[in-house]
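Student: I have a structure I would like to understand better, so I am pasting it below and will then ask my questions one at a time.
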Amino acid sequence: VPSSDFFYPGGFDTAFDLLRHQKHEVFCLQVQSASDRVCNLRGDAELACVETGRTRKVTIRPAEAAAYEAAVADWNQSLTDACRRRGMGLATTLDDVPFDDVMQRVLRLGGLVA
């Protein structure tokens, strides 16, 4: 069970295809923080990508914050669609939910425990 926020600059399709090509049964667990989904920043800021280390200076107005939130929602939907197309399982949770609770929910939904 890979666990990630799945925010990769190049996307996740290539990795998913490689795993499926190697005949792995894949179930993905997407873990995000609430701050990943909502942009509360306003004004001038320097942002850094945790995956690439690249930085960028931006000015964040309400329109940019809304665009960010829409892009995250679209990205998350593309992850859902990519998993569904490949017959891969996906569960999504926030990082403040205890891991045991998440796994129990996943196992129950999969019919593996009562």
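Student: How far apart, in nm, are two points set 7 Å out from the Cα along the Cα-to-Cβ line at PHE99 and at ALA45?
Tutor: It is 2.8 nm.
Student: Tell me which DSSP H helices of the chain clear both cut-offs, 24 Å or more of axial length from alpha-carbon atoms and a mean Kyte-Doolittle hydropathy of at least -1.0.
Tutor: Helices passing the filter in the chain: 62-85.
Student: Additional query: Considering the dipole of the chain built from charges on the beta carbon (Lys and Arg +1, Asp and Glu -1) around the Cα centre, which of VAL38, CYS83, LEU112 is farthest to its positive end?
Tutor: Highest projection toward the positive end goes to CYS83.
Student: Oh, and also: Using only the heavy atoms of the protein chains and a 1.4 Å probe, how would GLU25, GLU69 rank by accessible area, largest first?
Tutor: Result of the area sort, largest leading: GLU25, GLU69.
Student: Please give the per residue accessible area of the chain, computed with a probe of 1.4 Å over protein heavy atoms only, in Å².
Tutor: I get 69 Å² per residue for this part.
Student: Given the Cα-Cα distance of VAL113 and PHE27 and 0.36 nm per residue of separation, how much length would full extension add, in nm?
Tutor: 29.3 nm
Student: Collect residues whose amide H, placed 1.01 Å from N in the peptide plane, falls under 5 Å from the amide H of ASP5; neighbours closer than 5 in sequence don't count.
Tutor: Residues meeting the amide H criterion: VAL31.
Student: Rounded if a/c is under 1.5, else prolate if a/b is larger than b/c, else oblate: which is the chain, with a ≥ b ≥ c the root eigenvalues of its Cα gyration tensor?
Tutor: Since a/c reaches 1.5 and a/b is larger than b/c, the shape of the chain is classed as prolate.
Student: Once the dipole of the chain is set up with Lys and Arg at +1 and Asp and Glu at -1 on Cβ about the Cα centre, which of ALA66, VAL26, TYR8 lies farthest towards its positive end?
Tutor: The listed residue farthest towards the positive side: VAL26.
Student: At 222 nm, what helix-only mean residue ellipticity would the chain give, in deg cm²/dmol to the nearest 500, using -39500 (n - 2.57) for each DSSP H run of four or more?
Tutor: It lands at -13000 deg cm²/dmol.
Student: I'd like the FRET efficiency for ARG37 and ASP17, computed as 1/(1 + (r/R0)^6) with the beta carbon distance as r and R0 of 25 Å, rounded to 0.05.
Tutor: Result of the calculation: an efficiency of 0.40.
Student: Net charge near ALA70: determine it from the other residues with C-beta under 13 Å of the C-beta of ALA70, scoring Lys and Arg +1 and Asp and Glu -1.
Tutor: Counting the neighbours of ALA70, the net charge comes to -2.
The values are calculated or read from the model by the stated rules, or taken from the named source; none is laboratory data. These figures come from a predicted structure and were not determined experimentally. Counting neighbours? That spans all protein chains shown, and the Cβs are built from the backbone with ideal geometry, glycine included. Remember, those area values only see protein heavy atoms, side chains included, never the ligands or the DNA or RNA. Shrake-Rupley method; radii C 1.70, N 1.55, O 1.52, S 1.80 Å.
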